[in-house]
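Remarks on the structure that follows.
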C-alpha cells in the first residue's frame with residue numbers, strides 16, 4: 001500500500017519464495033519506503049506456512065491510522081478487535097478466495113468494520129472486492145471475474161468511531177450461551193407441569 005498526496009493505492013501481489021514460504025503484507029510510504037511488515041497470523045489449512053505473531057501493523061498517516069491484515073485473519077473478531085482498540089480508521093485486507101466461498105467471504109468480513117468502528121477495504125483476488133464505511137455501507141465493489149480492467153476506486157473516510165464491541169468484545173454472546181446452559185439445566189431438573197397433571201388424572205380415587 002503506497003500513499004500519495006491525493007490518495008492511496010492498494011493491491012495484493014504474489015512473491016514466491018519456496019525455500020521460506022510465508023504470506024506477508026508490506027505497507028509502503030509515499031516514497032516507496034517500507035513502513036511496516038506483517039506475516040499472516042491465521043493461515044488456512046491449505047497454507048503450509050508459519051503464522052506470524054498477530055501484531056497488527058498500524059501506520060499513522062496525514063489521513064488517519066491505517067492498519068492491515070491478510071485474508072483469513074479478518075475472520076477472527078478477537079484479532080481484529082486489536083485494531084479497534086488502537087482506534088484505527090481504515091483496515092486493509094488483501095485476500096484470495098475460491099469460487100465456492102465467493103461472495104459470502106467478503107460480506108462476512110465487512111462485519112469487522114461495524115464491530116470496530118473503522119472503514120474497511122478488502123482487495124480480493126478471484127472474488128468480490130469491497131470498500132465499506134464504519135456502518136457497513138458499501139462505498140465501492142468490484143467482481144474480479146466480471147470486471148475489466150480490475151481496478152476498484154473508492155472515496156472512503158479514514159476515521160475511528162467508538163463502538164461497544166471494542167469495549168466488551170464477545171461478552172454479550174457468552175452471556176447468551178451461559179443463559180442457555182442455565183436454562184437447559186433448570187428445565188432438566190424442574191418438575192414437568194404436564195407430568196403432574198397426568199399423574200393427578202390417572203391416580204385412583206380415594
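Scoring 145-157, 128-140 by mean Cβ neighbours within 10 Å over their residues and listing the highest first yields 128-140, 145-157. For the stretch 2-163, a/c is less than 1.5, where a ≥ b ≥ c are the root eigenvalues of the C-alpha gyration tensor. That puts it in the rounded class. Estimated from the Cβ-Cβ distance and a Förster radius of 22 angstrom, the FRET efficiency linking residue 45 and residue 24 is about 0.70.
Summarising the strand pairing of the stretch 2-163, around 65 percent of its internal DSSP beta bridges are antiparallel. Between residue 145 and residue 98, the simple label model (points 7 Å from Cα in the Cβ direction) yields a spacing of 1.3 nm. Nearest-5 percent of antiparallel DSSP beta bridges in the stretch 12-101? Taking every DSSP beta bridge with both residues in the stretch 12-101, the antiparallel ones total about 75 percent. When each of the peptides 67-77, 37-47 is scored by how many other beta carbons lie within 10 Å of its residues on average, the order from highest to lowest is 67-77, 37-47. Look at the alpha carbon pairs under 8 Å that are at least 6 residues apart: their mean separation over the length of the stretch 2-163 gives a relative contact order of 16 percent.
All of the numbers you see were taken from the coordinates with simple rules; none came from a lab. It should be emphasised that the depicted structure is a prediction, and the values quoted were computed from it without experimental measurement. Note: ideal-geometry Cβ built from the backbone for every residue, glycine included; neighbour counts use all protein chains shown.
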